[in-house]
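Encoded as structure tokens, the structure appears first; notes follow it.
The values are calculated or read from the model by the stated rules, or taken from the named source; none is laboratory data. Not measured: the values here are computed from a predicted model. Cβ placement follows ideal geometry from the backbone for every residue including glycine, while neighbour counts extend to all protein chains displayed. With ligands, DNA and RNA removed, areas are computed over all heavy atoms of the protein, side chains included. Shrake-Rupley method; radii C 1.70, N 1.55, O 1.52, S 1.80 Å.
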Amino acid sequence: MTRVLSCIQPTGDVHLGNYLGALRNWERGQHDKDVFHGIVDLHALTVTEQPGVVGERTLALGAMLFAIGLDPNVATVFVQSHVPEHAQLGWVMECTISYGELSRMTQFKDKTSKREGQFISAGLFSYPALQAADIILYDTDEVPVGDDQRQHVEITRDAAIRFNHRFGETFVVPDAVIPAAGARVMDLQDPTSKMSKSGDTDSGCVMMLDDPKAIMKKFKRAVTDSDTGPDAVRYDVAAKPGVSSLLDILAAVTDRTPQQAAEGYSQYGKLKVDTGEAVVAMLEPIQSRYDELMSDPAELTRLLQIGADRAREVASATLRRAYDAIGLLPS
Ligand code: TYM
């Protein structure tokens, strides 16, 4: 059976980009594939400074993953720090990936440019090595992610291939799986930048827990352009980034192509309202399940413990195989 792994960081709240680019596909894949999904709290330490925050966000993110429909009896949902093999194989990966490769990661360049003059942890630089370990530990075939993670999966492939070449066939070489629609959801106020938790404006980022009024307001204010005329609503990312971004969202939510989603529209106002309403309708059941799950933290903790136990079984066998392949002295 195809093995799937993908993870999300407990930094900030989950947004529509996370959902359409990744989480929704995790839920859709769980019945015909063997799926592992991690809440990567150790990754969040690259930018965390206050005590207590990561743990709270981890639990809330656990509730969100079950709320979107991941079934704890089917999918293995776990917290990264509950499976110590991640940090252990992470070090092996740091020694398998070069300084030059890490220096070329666009996400590192973006994040450091935003933190100019601030503390930049070594972890922010070596982060893709830990991500490679996350993936490789589960003998992963497929990694369902948004487009921004493509480069990180690529470096993971290179690391797996290099390790196998040095120490003999040990690791499965994974493939990134990027959705046809929703792979790059853009900021509603700045449609040339991806929607992100650390975006410049709150109004450009639709949160999974935003109430319907807030969602509609964000869509109604979405930046478009000043074209008028019968073909103003068309999918053309270069010439019409704002309209194309709305069409991308509408297409992803209604399972169509952006071109199909554009049919029948001539005015931006109607497109904005319909897209907002489609998003509200999609999120409402998720929000009510989330509220229910958050009312029972003990049950959430129990579910995450089951996930961690299952994850450890697979991860510890892979780590052992890696240590043996290298020829570390057995304890
Ligand atoms: P993170 O936590 O930033 O995002 C989680 C997932 O959401 C996707 N995503 C988007 N997709 C479409 N449009 C957007 N605007 C958008 N923003 C975010 C991301 O592509 C991702 O799939 N490094 C990873 C976490 C990670 C990981 C892993 C992922 C750690 N280990 C192993 C896969 C496999 C990250 O920071 O994702």
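Given the structure, is residue 176 touching a His at 6+ places or on another chain (Cβ under 9 Å), of a type in the set (Gly, Ala, Ser) and assigned by TED's automatic domain parsing to the domain that holds residue 38? So residue 176 passes the test. For segment 300-331, filtered to residues that are aliphatic (A, V, I, L, M) and within 23 Å of the chain's Cα centre (by Cα), the residue that is most open to solvent (accessible area, probe 1.4 Å) is 306. Residues in segment 30-53 that are open to solvent by 10 Å² or more (accessible area, probe 1.4 Å), assigned to a helix (DSSP H, G or I) and within 13 Å of the ligand (Cβ to nearest atom): 41, 42. Of all the residues in segment 70-95, those that are open to solvent by 10 Å² or more (accessible area, probe 1.4 Å) and either among the hydrophobic types (A, V, I, L, M, F, W, C) or in contact with a Phe, Trp or Tyr (Cβ under 7 Å, 6 or more places away or on another chain) (or both) number 6. Yes or no: residue 258 in contact (Cβ under 8 Å) with a residue 24 or more places away in the chain, closer than 19 Å to residue 24 by Cα and out of contact with any His (no Cβ under 7 Å at 6 or more places or on another chain)? When the stated conditions are applied, residue 258 passes them. Report, by residue number, each residue of segment 207-242 that is among the small types (Gly, Ala, Ser) and within 18 Å of residue 195 (Cα to Cα). Correct list: 214, 222, 238, 242. With respect to residue 281, is the statement that it is more than 30 Å from residue 106 (Cβ to Cβ) and open to solvent by less than 40 Å² (accessible area, probe 1.4 Å) true? Considered against the rule, which asks whether it is more than 30 Å from residue 106 (Cβ to Cβ) and open to solvent by less than 40 Å² (accessible area, probe 1.4 Å), residue 281 comes out as no. Taking the condition touching a Lys or Arg at 6+ places or on another chain (Cβ under 9 Å), of a type in the set (Val, Ile, Thr) and in a loop (DSSP other than H, G, I, E, B), does residue 273 pass? Answer is no for this residue. One residue is enough: does segment 208-216 have a residue meeting the conditions over 22 Å from the mean Cα position of the chain (by Cα), within 15 Å of the ligand (Cβ to nearest atom) and open to solvent by less than 40 Å² (accessible area, probe 1.4 Å)? Within segment 208-216, not a single residue is over 22 Å from the mean Cα position of the chain (by Cα), within 15 Å of the ligand (Cβ to nearest atom) and open to solvent by less than 40 Å² (accessible area, probe 1.4 Å). If the condition is being under 30 Å from residue 210 (Cα atoms) and of a type in the set (Asp, Glu), then segment 278-323 contributes 284, 291, 292, 296, 299.
Of all residue pairs spaced 6 or more apart or on separate chains, none has beta-carbon atoms under 6 Å together with a first member in segment 67-93 that is outside the structural domain of residue 37 (by TED's automatic domain parsing) and a second member that is more than 12 Å from the ligand (Cβ to nearest atom) and among the charged types (D, E, K, R). Can you find a residue that is among the hydrophobic types (A, V, I, L, M, F, W, C) and open to solvent by 10 Å² or more (accessible area, probe 1.4 Å) anywhere in segment 152-164? Yes, because at least one residue in segment 152-164 is among the hydrophobic types (A, V, I, L, M, F, W, C) and open to solvent by 10 Å² or more (accessible area, probe 1.4 Å).
Restricted to segment 230-282, and to residues there that are basic (Lys, Arg) and more than 27 Å from the chain's Cα centre (by Cα), the residue that is nearest to residue 217 (Cα to Cα) is 270. If you go through segment 168-180 one residue at a time, do you hit one that is more than 10 Å from the ligand (Cβ to nearest atom) and modelled with pLDDT under 95? Scanning segment 168-180 turns up at least one residue that is more than 10 Å from the ligand (Cβ to nearest atom) and modelled with pLDDT under 95.
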